[in-house]
Amino acid sequence: MGDVYIKKAELTREQLIEELAEMRHRMADVERCRKDFLAVQSKYHGLLDASPDPMIFVTRNYEIIFANAQAEELFGYRQDELVCQSLGILIPKRYHRMHRNFAEEFFSSPRRRPMGEGLKLYALKKNGDEFRVDISLSPLKLNGELVTVAAIRDITERIKQQDMVEKNYYFQRVLDSILKISLETAPLSQKLSRALELVLSVPHLALEMKGSVYLVSRESAELILTANSGLSEGQIAACSRVPLGKCLCGEAAQKCELLFTDCPGAGHEIQFEDTFPHGHYCVPIVSGGRPLGLINVYLREGHKRDPDEDAFLISVSDAFAGMIARDETEREKERLQADLAQTEKLAALGRITANVAHSIRNPLTSVGGFARRLQKKLNAGSAEREYSDFIVEEVAALEKILSGVLSYSRVAPEHLEEYDMRDLSDFVLSMYADALKEHSIAVVRTYREVPNILMDRQRAQEALENVIINAIDTMPSGGKLTVEISEITAREQPYVVVKVKDTGAGIEKEIADRIFEPFFSTKAEKGGFGLGLSISRKIVEEHGGFISVESKPGEGSVFYLHFPEKRQSQEAVPGAGVVSGLSS
């Protein structure tokens, strides 16, 4: 070292000036190189910043050595916050191990991996938000060291749009399938079950594979479980019948409003043993503002309500409403066809019986007259007198039958007059006041203001008499007879309805379906001929109305006589026979 200084000291001034000039020249070269490097670096960084995609350079050690401006904007970090950091800060924690393994595999066998290879990748922003990404990887050597260049693309919106398109496709396909099912001739419960399974199978919905379909019972104001998928025996037992207004399902059906809950505790009044964490969509099936039923589907607990799911399930509900309405129409068509056939049969029977009755009435009158003459001349206690008494009794019974047959076959009146049904009811009750008192039957009248109606008073009186006589016969040991008169709308037109309620033994459904048939009687052993109620039905129908009955064994019976407020024509309108619930 000392030798160097000695040599420097030995240099002449001119030599030192030359050496200094050379050093300045070299320093100028270094500065030019530095500026050129900075210019190239700036240009390179500018090119990277101009890239449409965020880009990150990562070493084999999982260290970030560069991030362009788009990466800063995407992840919310400044560049100085990213450089020298582990790549793990940009990846959700649950994917760290998997991503490490993938990175090691890539560095051991580097290759270019373009975007869109089908991997489901997630990234993490500085604020903790996760989002879907697609990543293109390219190996690059810098200063002899292998690094990975990752071009990152946020595909959240793209995935959302793809999901929306796919979701709408499945939604539409399910709705189309439900419409096809509704046109099949299978039983309604079977069609609803198949349609429910289609709904539960739709991807993208946060549905458990559990659900049920209920139909509204008009008689009991309950939801009746009609179809289900995936429900346990405990659930079926607990939820087979749900009163309207009770629990989530009953409330949704009563309000005709879709209800949502994300946990089992909210609104659940009905409990079952094998319950589990879940939520619900309770979707009413509505037609014309009237609840027909309800769709109940189970959700994963904590699921957030989705407007797209709402819209889809409401569309499903509308399709189910169409299916139910079509089934009701088909059943109504079958009922009307059966009624028409029954009406034609009864009309033919009426013509035959009327002819027969007229043919045998005169001979029967003669037989009865001669028997009564003999009765007066024969000695009491003789065998001949006993025979004549028997003939007279049997002739009287036959005359009573003929009278009923002729009444049933009588042609409908052409001239009607206005009467107050309340006055007619009071008159009939006064006629049977002694019989009611004799049987210890209390009478309750509930009359509301009703308009006068057009009627054949004698025939309408006969119809009401037969119903009241029938009620008295069902209460031999006493009871209560309630007669209510009110105005209602049924079958889309106004009626004055007479409701006759007794507290008798009630009627079995099998019998209730036949009590309006001519000659069908439950009192044959007491001398009943089975014409009273059939005559009442015919008379009410002749006035353009209909008669119906509601009854349960042990709970008495309720008969409804519906008389139209205004007759649209003088033609007889076929009735519906036994129809439940029209006046309840």
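3J(HN,Hα) along the range 425-440, derived from phi through the Karplus expression 6.51 cos²θ - 1.76 cosθ + 1.60 where θ = phi - 60°, amounts to 4, 4, 4, 5, 5, 5, 4, 10, 4, 5, 5, 5, 5, 4, 8, 6 Hz, with x in place of Gly and Pro. With the simple spin-label model, which puts each label point 7 Å out from Cα in the Cβ direction, the Asp423 to Ile314 separation comes to 5.4 nm.
Judged by the mean number of other Cβ atoms found within 10 Å, the most tightly packed of the peptides 144-151, 53-60 leads the ranking 53-60, 144-151. When the listed pairs Lys180/Lys552; Lys191/Lys255; Lys246/Lys304 are checked against a 32 Å cut-off, the alpha-carbon distance exceeds it for Lys180/Lys552. Note on Lys552, Lys210: ascending count of other Cβ atoms within 10 Å places them as Lys552, Lys210, the fewest first.
Projected label points at Ile469 and Asp176, each 7 Å from Cα along the beta carbon direction, are separated by 6.5 nanometres.
Calculated translational diffusion coefficient of the range 160-320 (37 °C, 0.692 mPa s; Stokes-Einstein with Kirkwood radius over alpha-carbon pairs) equals 207 µm²/s. The aspartates and glutamates within cross-link reach of Lys120, meaning a Cα-to-Cα straight distance under 15 Å and a gap of 8 or more places when in the same chain, are Glu130, Asp134, Asp154, Glu157, Asp163. Here the calculated FRET efficiency for Asp389 and Thr365, from their Cβ-Cβ distance with R0 = 22 Å, stands at 0.75, rounded to the nearest 0.05. Under the simplified labelling scheme, the Ala338-Tyr122 pair shows an inter-label distance of 5.9 nm, with each label point 7 Å from Cα along Cα→Cβ.
Couplings for the range 62-79, taken from phi via the Karplus curve 6.51 cos²θ - 1.76 cosθ + 1.60 with θ = phi - 60°, read 6, 9, 7, 10, 6, 9, 7, 4, 5, 5, 4, 5, 5, 8, x, 9, 6, 4 Hz in order; Gly and Pro are left as x.
The order of the peptides 192-200, 502-510, 88-96 by mean Cβ neighbours within 10 Å, most packed first, is 192-200, 502-510, 88-96.
None of the figures in this text is laboratory data; all of them are computed from the coordinates on show. The structure presented is a predicted model; accordingly, all values stated were derived computationally and were not measured. Note that each Cβ is placed from the backbone with ideal geometry, even for glycine, and that neighbours are counted across all protein chains shown.
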